[in-house]
Amino acid sequence: MKNEPLLMTMKENPSSEDLTARDIVNTWSEENLADIMYGFGEERFSRRIAKGIAGARKKKPIETTFDLVSIIEQSVPAPYRRGERPNCATKTFQAIRIATNDELGALSTGLRKGFTALRPGGRMAVISFHSLEDRIVKKFFKAEADEGRAKLITKKPIVSEKSELTENPRARSAKLRIIEKL
């Protein structure tokens, strides 16, 4: 949405040792870029976008968000570019942000630590915003229930109703799951 340095880190003041989105797009192999875009962003044009990034960075480093958006727009078919929602760069940015911050690893660690901290009868509620997160939460909750350490409060995730989505469209992908420690 804004032309900013290509950081995407959750750290307020990243050091030179911290991984940034700039590092990823400028140094990771074309194959690795395609794999993270497909795996973390479920981007169907991941190979084309990775090829575009690899070609562009040979000319000059990719420094800003708008530099990356431009490369993505040039790499995908026109109908995909013109799509209303989501923007054609959304899935790629999501994937790079997840890789930059190890978000899925942090989620797994948070689930384990959070569950360990619960007292018997305590409940953990988790809202996920995309399928990768939801899959991790679902598998963790199911494993704890299967081992007899917890009871699933929600067998299926709770999702937003149409009335809420009209007031809060950003809730469209939110899924709530709840578990109780035994």
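The values are calculated or read from the model by the stated rules, or taken from the named source; none is laboratory data. Since we're looking at a predicted model, the values are computed, not measured. Cβ coordinates were reconstructed from backbone atoms using ideal geometry, including for glycine residues, and neighbour counts include every protein chain displayed. For the accessible areas, the whole protein counts, side chains as well, though only heavy atoms, and no ligand, DNA or RNA atoms are used. Shrake-Rupley method; radii C 1.70, N 1.55, O 1.52, S 1.80 Å.
Scanning the range 133-148 for residues that are over 18 Å from the mean Cα position of the chain (by Cα) and either open to solvent by 40 Å² or more (accessible area, probe 1.4 Å) or among the small types (Gly, Ala, Ser) (or both) gives Lys142, Ala143, Ala145, Asp146, Glu147, Gly148. Within the range 110-123, residues that are under 14 Å from Ala145 (Cα atoms) and open to solvent by 100 Å² or more (accessible area, probe 1.4 Å) have Cβ atoms under 9 Å from residues that are of a type in the set (A, V, I, L, M, F, W, C) and part of a helix (DSSP H, G or I) in these pairs: Arg112/Phe140, counting only partners at least 6 apart in sequence or on another chain. Considering the range 10-84, the qualifying helices (runs of 4 or more DSSP H), each wholly inside and each with 1 or more residues that are touching a Ser or Thr at 6+ places or on another chain (Cβ under 7 Å) and of a type outside the set (A, V, I, L, M), run over 30-41, 46-59.
Taking the range 149-172 as the range and being open to solvent by 50 Å² or more (accessible area, probe 1.4 Å) and of a type in the set (Gly, Ala, Ser) as the test, only Ser163 passes. Pairs are defined by a Cβ separation below 8 Å, a sequence spacing of at least 6 or placement on different chains, a first member in the range 155-182 that is in contact (Cβ under 8 Å) with a residue 40 or more places away in the chain, and a second member that is aromatic (Phe, Trp, Tyr) and open to solvent by less than 70 Å² (accessible area, probe 1.4 Å); the pairs so defined are Arg177/Phe141; Ile179/Phe115; Ile179/Phe141; Lys181/Phe115.
Within the range 9-35, the set of residues being farther than 16 Å from Thr92 by Cβ and either open to solvent by 60 Å² or more (accessible area, probe 1.4 Å) or charged (D, E, K, R) (or both) comprises Met10, Lys11, Glu12, Asn13, Ser16, Glu17, Asp18, Leu19, Thr27.
If you scan the range 36-49, which residues turn out to be at pLDDT 95 or above, within 17 Å of Glu103 (Cβ to Cβ) and open to solvent by 50 Å² or more (accessible area, probe 1.4 Å)? Once the filter is applied, which keeps residues that are at pLDDT 95 or above, within 17 Å of Glu103 (Cβ to Cβ) and open to solvent by 50 Å² or more (accessible area, probe 1.4 Å), the range 36-49 yields Tyr38, Phe40. What residue, among those in the range 55-85 that are without any contact (Cβ under 8 Å) to a residue 60 or more places away in the chain, surrounded by 13 or more Cβ atoms within 10 Å (Cβ to Cβ) and touching a Phe, Trp or Tyr at 6+ places or on another chain (Cβ under 8 Å), is farthest from Met37 (Cα to Cα)? By that ranking, first place goes to Tyr80.
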